[in-house]
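Input: a single structure, listed below in structure tokens.
The values are calculated or read from the model by the stated rules, or taken from the named source; none is laboratory data. Remember, predicted model here, so these are calculated numbers, not experimental data. Note: ideal-geometry Cβ built from the backbone for every residue, glycine included; neighbour counts use all protein chains shown.
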Amino acid sequence: MTRASHTSPNGPAAIGPYSHGVWAGDLLFLSGQTPIDPATAALAPGGIAEQTEQAFRNLEAVVTDAGLSMDDVVKTTVFLTTMADFPEMNAVYATHFAGPFPARSTVAVAALPLGARVEIELVAMRPST
């Protein structure tokens with residue numbers, strides 16, 4: 001199986017030595033996206049709802065630039081700096097997927113890059129032709 005990196009011109013610049021995503025066969029593994037606004041390179045202003053929305057805009061840009069859609073997502077992992085943010089994050093999350101929903105894990109972490117409150121990574125699969 002060949003591994004090929006994928007970088008989106010519409011996603012935020014990487015803040016470290018990683019690709020926006022990596023293709024492994026028909027699977028696209030996306031690096032975690034924080035709520036960095038690609039236009040300003042700063043965290044999106046606002047609370048957890050606004051930060052979750054920006055993280056999804058970043059994910060969708062990378063997925064779309066890879067020729068896929070959010071309907072192709074099979075797994076997500078959400079990282080929160082406090083589980084107290086779960087209800088608001090979950091409400092925003094629910095607006096970005098239709099059933100059947102992807103599998104998901106949500107974990108609390110001590111901290112995220114640049115002081116973000118949320119980071120989301122995903123795996124998407126190229127549809128069968």
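Just to be sure I understand the filter: pairs with C-beta atoms under 9 Å, separated by 6 or more residues or on different chains, first member in region 109-129 and within 13 Å of G25 (Cβ to Cβ), second member among the hydroxyl-bearing types (S, T, Y) and surrounded by fewer than 15 Cβ atoms within 10 Å (Cβ to Cβ). Which pairs pass?
Close Cβ pairs (under 9 Å, with a partner that is among the hydroxyl-bearing types (S, T, Y) and surrounded by fewer than 15 Cβ atoms within 10 Å (Cβ to Cβ)) amount to A124/S69.
Taking region 17-56 only, how many residues are in contact with a strand residue (DSSP E or B) (Cβ under 9 Å, 6 or more places away or on another chain), over 23 Å from P127 (Cβ atoms) and surrounded by fewer than 21 Cβ atoms within 10 Å (Cβ to Cβ)?
Result for region 17-56: 7.
Do any residues in region 56-83 that are in a helix (DSSP H, G or I) have Cβ atoms under 9 Å from those of residues that are among the basic types (K, R), where the two are at least six apart or on different chains, and which pairs are they?
Close Cβ pairs satisfying both conditions: D72/R126.
From the list R104, R117, pick out the single residue that is among the charged types (D, E, K, R) and surrounded by fewer than 18 Cβ atoms within 10 Å (Cβ to Cβ). Please lay out each step first, then the result.
Numbers: R117 fails: surrounded by fewer than 18 Cβ atoms within 10 Å (Cβ to Cβ).
Answer to the check: R104.
Do you know which residues across region 1-23 are under 17 Å from S69 (Cα atoms) and either among the small types (G, A, S) or in a loop (DSSP other than H, G, I, E, B) (or both)?
Listed by number, the residues that qualify are T7, S8, P9, N10, G11, H20, G21.
Each row is one residue, and each column tells you yes or no for (1) surrounded by fewer than 20 Cβ atoms within 10 Å (Cβ to Cβ); (2) touching a strand residue (DSSP E or B) at 6+ places or on another chain (Cβ under 8 Å); (3) at pLDDT below 95.
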site	(1), (2), (3)
N58	no, yes, no
V63	no, yes, no
G67	yes, no, no
K75	yes, yes, no
T81	yes, yes, no
E88	yes, no, no
